[in-house]
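Beneath this line is the structure, given in structure tokens, with notes to follow.
The values are calculated or read from the model by the stated rules, or taken from the named source; none is laboratory data. This one's a predicted model, so the numbers in the text were calculated from it and none came from an experiment. Cβ atoms come from the backbone with ideal geometry, glycine included; neighbour counts cover every protein chain shown. Surface areas here come from the heavy atoms of the whole protein model, side chains and all, with no ligands, DNA or RNA. Shrake-Rupley method; radii C 1.70, N 1.55, O 1.52, S 1.80 Å.
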Amino acid sequence: MAREKKGKRLQWHPPFYAGMQIEFMEEAGNLIFETEHQLSSKPLEVDILIIKKDAGIAIRKEIGRIFRRYNIVEYKSAGDYLGIDDFYKVYAYACLYKSLAPHEDEIRTSEMTITFITRRHPYKLIKYLEKRRNYRLVKSGDGIYHITGDEFAMQLIVTSRISKEGNLWLWSMCNPVNDRETVRRLISDYEKNRNNSFYEAVMEMIVRTNRKIFRSEDDDMCEALEEIIEEKVTARVEKIRDKVEAEVKAKVEAEVKAKVEAKVEAKVEAEVRARSILELLEDYGEIPENLMGRVMAEKDAAVLKCWHKAAARAHSLDEFAGAM
């Protein structure tokens, strides 16, 4: 066997893959081997990663009191269910996040938390975690359950059971809004933060999913909301208008520039061709002004090309004039 070149790294994976198949040759009929199998065709992404700048400062918000330095959040929308495989997927994400740090054990499991947020109470998952993984769920607040028994600190937040007073926007985004007082609180809070894009995004979703109660004509607060939304729509339209105008202007300028350049190029080409013809004719004496003027006035490239050939073949000015 040829000696391995100095500095060249040995490729161990292909022979290892082959060696494993050799070892299991007797059971080959019952096994499928796949080398470098891709676990997912989609990018591996956590819903939200929250990093505390100062791990020593506690979070006052009840749903975030469990937070440590690195916090992974998985969210299930109203129509989705948090299942057993969802748990393992997010748990694997946490392990991957830890393992992909630049240095060995740079991120410790004691610095991490996992939060599952769902509207529907996941009875099947809870039963599975308690029986199969020996976890315990400890209620720490309305709709908030700490999951104990693992090196990762974990919590389950059931949005249909959390406090509306303490989590107005999360509750309203995840649950049907069906009382006037909640609508008033949302609109009042939104008015104070009307220029905040976060409030705008959540309010838009809440209004879309609760159109009936937000369209009551007898409520002054709803009219105020309509005015705010109208302002936002107008601002958005103007922003789009400015963008479109800029794009159209740039396109027109490019088209005009291209046309001008084409005209300049054609004019230059015609004059170059005309002067070339006159240079050939100068060999036969002084060129009459009318002949010179006719050649310089011609702009048709095809005509000038023919004249150019005629000037090259002619033996006198009269012969060229006759060929024209």
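The condition (being touching a Phe, Trp or Tyr at 6+ places or on another chain (Cβ under 7 Å) and open to solvent by 80 Å² or more (accessible area, probe 1.4 Å)) is satisfied by just one residue among Ile51, Ile22: Ile51. Scanning segment 171-188 for residues that are part of a helix (DSSP H, G or I) and open to solvent by less than 40 Å² (accessible area, probe 1.4 Å) yields Trp171, Ser172, Cys174, Thr182, Val183, Leu186, Ile187. Cβ separations smaller than 6 Å between residues 6+ apart or across chains give the following pairs from segment 195-210 residues that are among the hydroxyl-bearing types (Ser, Thr, Tyr) to residues that are open to solvent by less than 40 Å² (accessible area, probe 1.4 Å): Tyr199/Tyr190.
Here's the yes/no breakdown for (1) open to solvent by less than 70 Å² (accessible area, probe 1.4 Å); (2) farther than 28 Å from Ser172 by Cα:
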{"residue": "Lys61", "(1), (2)": "no, no"}
{"residue": "Asn71", "(1), (2)": "yes, no"}
{"residue": "Glu74", "(1), (2)": "yes, no"}
{"residue": "Ala78", "(1), (2)": "yes, no"}
{"residue": "Ser99", "(1), (2)": "no, yes"}
{"residue": "Thr115", "(1), (2)": "yes, no"}
{"residue": "Tyr128", "(1), (2)": "yes, yes"}
{"residue": "Lys139", "(1), (2)": "no, no"}
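If only residues of segment 80-90 that are assigned to a loop (DSSP other than H, G, I, E, B) and more than 25 Å from the chain's Cα centre (by Cα) are counted, the one that is surrounded by the fewest Cβ atoms within 10 Å (Cβ to Cβ) is Tyr81. Among the residues making up segment 289-316, those that are open to solvent by 90 Å² or more (accessible area, probe 1.4 Å) and more than 60 Å from the chain's Cα centre (by Cα) are Glu289, Asn290, Arg294, Lys309, Arg313, His315.
Taken over segment 101-113, the residue count meeting the criterion of being closer than 17 Å to Thr148 by Cα and open to solvent by 40 Å² or more (accessible area, probe 1.4 Å) is 2. With respect to the conditions (1) in a helix (DSSP H, G or I); (2) open to solvent by 60 Å² or more (accessible area, probe 1.4 Å), Glu286 falls short on a single one, namely (1).
Evaluating Tyr93 against the criteria (1) farther than 30 Å from Lys212 by Cβ; (2) in a loop (DSSP other than H, G, I, E, B); (3) aromatic (Phe, Trp, Tyr) leaves one unmet condition, (2).
When Ser41 is tested against (1) in a loop (DSSP other than H, G, I, E, B); (2) among the hydroxyl-bearing types (Ser, Thr, Tyr); (3) open to solvent by less than 70 Å² (accessible area, probe 1.4 Å), exactly one condition is not met: (3). Could you check His146 against (1) in contact (Cβ under 8 Å) with a residue 24 or more places away in the chain; (2) more than 25 Å from Leu170 (Cβ to Cβ) and say which number it fails? His146 satisfies all of (1) in contact (Cβ under 8 Å) with a residue 24 or more places away in the chain; (2) more than 25 Å from Leu170 (Cβ to Cβ) except (2).
Each row is one residue, and each column tells you yes or no for (1) open to solvent by 90 Å² or more (accessible area, probe 1.4 Å); (2) at pLDDT below 80; (3) in a helix (DSSP H, G or I).
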residue	(1), (2), (3)
Val207	no, no, yes
Cys222	no, yes, yes
Ile229	no, yes, yes
Glu238	no, yes, yes
Lys243	yes, no, yes
Glu253	yes, no, yes
Lys257	yes, no, yes
